[in-house]
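Below: the structure, in structure tokens.
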Amino acid sequence: MDPTTGASVDRVVEGPTPKHAQLREILRRSVERELPPGSPIPSERELAERYDVSRLTVRSAIGKLVEEGLLSRVRGKGTFTASRRMELQLYLMSFTDDMRRRGLSPTTEVVGTTMEVPPGPTATALRLDEGEPAYRLRRLRRADGVPLAVERGWYHPRRVPGLFDLDLTESLYAHLAAGYDLRLDHAWQTVWAESADKETASLLGIRTGSPLLVFRRVSSARGEPVEDMTSWYRGDHYQLTMQLDRSTPDSGHLAKHGGTR
């Protein structure tokens, strides 16, 4: 019995508790107790008919569960119970290799390529000459067809000449190793949380304002900076876990290394 309405847990009734809140709890129980990760839920129309509520009520209930990370919308396919969050690895590994290691099929879509003068912080990080243009690459990364991350990065033009002639839908790190003998061996990484802007949300198939994990990483090979990349990861698919020990501030820098590409 619902303690606030006295109704059966599988019914939505008139009462002091709003219908969308009642339906949200019904769906929450179903997700948590009955449906495995990645399972589709019924359509808005089916749920509206089943519980005798409006589609607006259904949309509100589902929207809250999406915000909580229990459900996930996939554009053109429907709404699914959220997959278990993947751990973001704190070491240098390509996105392609990381997804394959997890048993997932990675794909990459190139969103844009330009040659332009980067902002000051990037020019400094890559040690570019004043006014020197750099390669700017924007990509969307998917696993098993699900969009997981948007990458917007800058690459040093003298370290990777002809970068845009490569197949950028493949692993970039593999290209750097094979074509330029560059194996990224060091990185400084900064992590923060952010709400998805309209463009990023559209690429990831999520609502504007949805939570994201953001990583900015400056990577080097043999002491020379090559890449200044910022990645926006879906907050409903990723989590970051770090071991914390009592230590000096300098040794704490280790927590900033790594990431996934």
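The values are calculated or read from the model by the stated rules, or taken from the named source; none is laboratory data. None of these values were measured; they are calculated from a predicted model. Glycine gets a Cβ as well: all are built from the backbone with ideal geometry, and neighbour counts include every protein chain shown.
Considering each residue of the range 234-241 in turn, none proves to be surrounded by fewer than 21 Cβ atoms within 10 Å (Cβ to Cβ), modelled with pLDDT of 85 or more, over 21 Å from residue 111 (Cα atoms) and under 11 Å from the mean Cα position of the chain (by Cα). Look at (1) in contact with a Pro (Cβ under 9 Å, 6 or more places away or on another chain); (2) under 17 Å from residue 219 (Cα atoms); (3) assigned to a loop (DSSP other than H, G, I, E, B) and you find that residue 154 fails only one, number (3). In the range 21-46, which residue that is among the small types (Gly, Ala, Ser) and in a loop (DSSP other than H, G, I, E, B) is farthest from residue 71 (Cα to Cα)? If we take residues in the range 21-46 being among the small types (Gly, Ala, Ser) and in a loop (DSSP other than H, G, I, E, B), then 43 is farthest from residue 71 (Cα to Cα).
The set of residues from the range 59-81 being of a type outside the set (D, E, K, R) and assigned to a helix (DSSP H, G or I) comprises 60, 61, 62, 63, 65, 66. Could you tell me whether residue 171 is closer than 18 Å to residue 72 by Cβ and of a type in the set (S, T, N, Q)? Against the criterion (closer than 18 Å to residue 72 by Cβ and of a type in the set (S, T, N, Q)), residue 171 does not qualify.
Across the range 187-224, the number of residues qualifying as in contact with a strand residue (DSSP E or B) (Cβ under 6 Å, 6 or more places away or on another chain) and over 27 Å from residue 76 (Cα atoms) comes to 12.
Exactly one residue out of 108, 122 is touching a Phe, Trp or Tyr at 6+ places or on another chain (Cβ under 6 Å), in the same structural domain as residue 234 (by TED's automatic domain parsing) and closer than 23 Å to residue 194 by Cβ, and it is 122.
Whether any residue in the range 98-112 is outside any strand (DSSP E or B) and at pLDDT 90 or above is what I want to check. No, that holds for no residue.
Cβ-Cβ contacts under 6 Å between residues 6 or more apart (or on different chains), taken from a first residue in the range 136-165 that is farther than 27 Å from residue 75 by Cα to a second residue that is surrounded by fewer than 16 Cβ atoms within 10 Å (Cβ to Cβ) and of a type in the set (Asp, Glu), are listed as 136/116.
Yes/no per residue for (1) of a type in the set (D, E, K, R); (2) under 27 Å from residue 68 (Cβ atoms); (3) surrounded by fewer than 16 Cβ atoms within 10 Å (Cβ to Cβ):
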residue	(1), (2), (3)
173	no, no, no
178	no, no, yes
183	yes, no, yes
196	no, yes, no
203	no, yes, no
221	no, no, no
